[in-house]
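Working notes for the structure below.
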Amino acid sequence: KQLGKDSFQLFTPQIGEALRLRLALERDLRAALQADDQLTLAYQPQYDAQRRIRGFEALARWRHPQRGWVSPAEFIPVAESSGLIVELGLATLALLRRDLDSWRASGLSCPLVAVNLSWEQCRKPQHRERFLQQLKTLQLGPADIEFELTESADFEDIDKPDSFVFTLQGLGYGLAIDDFGTGYSSLAYLRRIRCRKLKIDRLFVHGLSANPESRTLVESMVRVAHAMRMLVVAEGVELPDDEATLVAMGCDLMQGFGFCRPVPADGMPELLRPAAA
Ligand code: C2E
Ligand code: CA
Ligand code: CA
Ligand code: CA
């Protein structure tokens, strides 16, 4: 690439193959958005220090007709770079509505669901408009959902008073900064956007009880968040020692395989059923 656009010697067979796969994935994702049986949501519970479920994160799942399950780590970046994330974001809200309705029909109510929002969905006014319209049409209000946004270089956009973040907050929706510590945002942004929650990435969480450096880092993140009246969510909690350490640090919510893996919609009634007295 650095040789300039007239040079093609770096266009090796491997790069050609990667590009071909990416385009095929994009084409198939486009088809999946038209089909009604490939995309679903899985839900991962978030627990408080007493191990009570306080909310869920909705995670997109794609069952490809030939390839089987494709990881979001693979298809979300493709969706983002192709612009399909806009449609996927709208589809996600519709799936959530459908799931909430089916649980409600069984007499179950669901605590707050966190939905991942990509910056690509927030950039263009017409995309923001459609997203807001979808929330309204589906009647997904601030008591039903909140949004998780990964900190990114685009947090600069926060400066603009018409920023989508402020629009959502103005409507009462809560926001969580996702993957905190792995991105670009500075502490100044934290102060400016006043999010409800800070999610500490599992990079810092996994094994923290045995790692003095991680422990110091997470401890400072908890302190900063609390000083700004934000709740702290630790993701990727797998080990009992890490859970105990997080609770001792005052971490508010925990999410991870150590508690529960993401569950498909049909596994949710079991989690939503009120615990027997
Ligand atoms: P994320 O937002 O950081 O979501 C957490 C990811 O960590 C999920 O992976 C979850 O299954 C996984 N995870 C949870 N607990 C543990 C644990 O204890 N150990 C380990 N090793 N992993 C754990 P998943 O579902 O594969 O999603 C990957 C990423 O894809 C998400 O990362 C998120 O950035 C993105 N994503 C998923 N669904 C959506 C969506 O609907 N919209 C958008 N824009 N992005 C999504
Ligand atoms: Ca997330
Ligand atoms: Ca994320
Ligand atoms: Ca993460």
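The values are calculated or read from the model by the stated rules, or taken from the named source; none is laboratory data. Fair warning: this is a prediction, and the values are worked out from it, not measured in the lab. Note that each Cβ is placed from the backbone with ideal geometry, even for glycine, and that neighbours are counted across all protein chains shown. Heavy atoms of the whole protein, side chains included, go into the accessibility calculation; ligands, DNA and RNA do not. Shrake-Rupley method; radii C 1.70, N 1.55, O 1.52, S 1.80 Å.
Brief remarks on what is shown
- With respect to being of a type outside the set (S, T, N, Q), open to solvent by 40 Å² or more (accessible area, probe 1.4 Å) and under 19 Å from Val263 (Cβ atoms), Arg98 fits the description.
- Count of the range 49-63 residues, restricted to those that are more than 16 Å from ligand 2 (Cβ to nearest atom) and surrounded by 22 or more Cβ atoms within 10 Å (Cβ to Cβ), is 1.
- Within the range 167-184, tally of residues that are on the phi > 0 side of the Ramachandran plot and either more than 16 Å from ligand 4 (Cβ to nearest atom) or modelled with pLDDT of 95 or more (or both): 1
- Residue tally, condition closer than 14 Å to Gly141 by Cβ and either basic (Lys, Arg) or in contact with a Pro (Cβ under 9 Å, 6 or more places away or on another chain) (or both), over the range 94-103: 1
- Near pairs, Cβ below 6 angstrom, 6+ apart or cross-chain, from the range 42-65 (free of Cβ contacts under 8 Å to residues at least 60 places away in the same chain) to any residue that is away from ligand 2 (no atom under 16 Å from the Cβ) and open to solvent by 40 Å² or more (accessible area, probe 1.4 Å): Arg63/Trp69
- The listed residue being open to solvent by 70 Å² or more (accessible area, probe 1.4 Å), assigned to a helix (DSSP H, G or I) and either among the β-branched types (Val, Ile, Thr) or out of contact with any helix residue (DSSP H, G or I) (no Cβ under 8 Å at 6 or more places or on another chain) (or both), out of Gln66, Gln126: Gln126
- Residue under evaluation Leu208, criteria (1) touching a Ser or Thr at 6+ places or on another chain (Cβ under 9 Å); (2) open to solvent by 20 Å² or more (accessible area, probe 1.4 Å); (3) more than 29 Å from Thr40 (Cα to Cα), criterion not met: (2)
- Scanning the range 185-207 for residues that are outside any strand (DSSP E or B) and within 16 Å of ligand 4 (Cβ to nearest atom) returns Ser185, Cys195, Asp201, Arg202, Leu203, Phe204, Val205, His206, Gly207.
- For the range 3-40, residues that are modelled with pLDDT under 85, loosely packed, with under 10 Cβ neighbours inside 10 Å and either part of a helix (DSSP H, G or I) or among the acidic types (Asp, Glu) (or both) total 3.
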